[in-house]
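The values are calculated or read from the model by the stated rules, or taken from the named source; none is laboratory data. Predicted, not measured: the structure shown is a model, and the values here were computed from it. Neighbour counts run over all protein chains shown; Cβ positions are idealised from the backbone, glycine included. SASA here: full protein model, heavy atoms, side chains in, ligands and nucleic acids out. Shrake-Rupley method; radii C 1.70, N 1.55, O 1.52, S 1.80 Å.
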Amino acid sequence: MPKRTLGTGSAALEVSAIGLGCMGFTMSWPPFLPHDESIRVIRTAYEMGERFFDTAEVYGPFANEELVGEALEPFRDDVVIATKFGFALHGGFGEDEGEAQLDSSGRVQQTDSRPETIRKAVEGSLKRLRTDHIDLYYQHRVDTKVPIEDVAGVMGELMDEGKILHWGLSEAAPATVRRAHAVTPVTAVQNEYSMWWRKPEEELIPTLEELGIGLVPFSPLGKAMLAGRFNASTRFADDDYRSRIPRFSPDHMAHNIAMSDYVESLARAKGVAPAQIALGWLLARKPWIAPIPGTKHVDRLRQNLGGAAVTFTSDELADIDRALGAITIEGARYQPTQEALTNH
């Protein structure tokens, strides 16, 4: 597996070019695997060359970190583990007192990045991950009630204490990234980015390039839309997170399937899988981009990791840009309550 470097100078962090997003093992994408099978899939990813694993305390909540910690404990010194803080989980869900606010899909809707909460969160994550340090610690969503400079200051303190090695932000506006980076250098920003969500190209990616910060795209396969698995008549079960995303609604799917069809045509021309086209395209955008597709299946894991071997000529990339620009996508990427949590 090729390597990539996120961040520069003291903030530089080497990761595998393609990471594994672990959320789906415990959240959003049922049915979930038995515990032992989940452990096996994560360890198989390591055996295949995977070295960059992404989790968060809110996934579960807490269960995902416990799973990742157990799975990676035998290889801890040979992997990069990224996790996240920033939601109101302390208390609630059996920890301390209080209740987190949930939306209709069971997702936490209340941010909390107060310094005292961050310190509770990091201690919990360290314990669940069975480690004495976190390689990359993201603020999961920007907390508008807490100045980002205060959050960045706590990150610097945690680095000095050796509890975290690098830090980053998720779904943060370029201006927020600048302010944070000025206090404690940011290694990476995690953001949705794919062939069918290209908004980061407008302001975020130029800002990251200027500042020397890496980009970690989540949902790089468009929640499987770019993996060649759906058609215009695809419908999602009520417990599938996509059933509540506007762009996956029946009316919008009938229109948006044009994107999937286009990626499939590229895949046929190159003799590879659609998912490999989508991941190879992301890797070709910038040398400091490292996507984190998620999967619970070994065959898809193998396929995704193969995306690192897909290359494009400059002419091919120009042709793809023109084609993507001509394809319109209908429907929002989030429900309004979730979009409101982003810092865009």
Next on the checklist: I'm spelling it out carefully: the read-out is volume of the Cα convex hull per residue in Å³, the candidates are (1) 114; (2) 126; (3) 153, and one was derived from this structure. Which label?
Outcome noted: (2)
Next on the checklist: Using +1 at the C-beta of Lys and Arg and -1 at the C-beta of Asp and Glu, which of PHE312, ILE18, ALA88 has the Cα lying farthest in the positive direction of the dipole of the chain?
Outcome noted: PHE312
Next on the checklist: Contact order normalised by length for the chain, with contacts defined as Cα pairs under 8 Å and 6 or more residues apart; what percent is it?
Outcome noted: 20
Item to check | the chain - share of DSSP beta bridges that are antiparallel (%, nearest 5) | outcome: 25
Item to check | lysines whose Cα lies under 20 Å from that of LYS296, excluding same-chain neighbours fewer than 8 positions away | outcome: LYS223
Checklist outcome for this item: Total charge of the residues flanking PRO246 in space, meaning their Cβ is under 11 Å from its Cβ, with Lys and Arg +1 and Asp and Glu -1, is +1
Item to check | Extension gain from GLU37 to THR313, taking 0.36 nm per residue of separation minus the Cα-Cα distance | outcome: 95.4 nm
Checklist entry - In a shell of Cβ-Cβ distance under 13 Å around PRO185, excluding PRO185 itself, what net charge do Lys and Arg (+1) and Asp and Glu (-1) give? => result +2
Next on the checklist: Need the list of aspartates and glutamates near LYS286 for cross-linking: C-alpha distance under 18 angstrom, and skip anything on the same chain fewer than eight residues off.
Outcome noted: GLU14, GLU192, GLU201, GLU202, GLU203, GLU209, GLU210, ASP315, GLU316, ASP319, ASP321
Checklist outcome for this item: Subtracting the Cα-Cα distance of LYS199 and ASP238 from 0.36 nm times their residue separation yields 11.2 nm
Checklist entry - Accessible area per residue of region 151-272 at 1.4 Å probe, in Å²? => result 37
Checklist entry - Taking all protein chains as present, what is the carbon and sulfur share of the accessible area of region 200-344, in % to the nearest whole number, probe 1.4 Å? => result 50
Checklist outcome for this item: Once the in-chain neighbours fewer than 8 apart are removed, the lysines whose Cα is under 24 Å from LYS120 read LYS84, LYS145, LYS163
Checklist entry - What does the charge add up to near VAL298, with Lys and Arg as +1, Asp and Glu as -1, over the other residues with Cβ less than 11 Å from its Cβ? => result +2
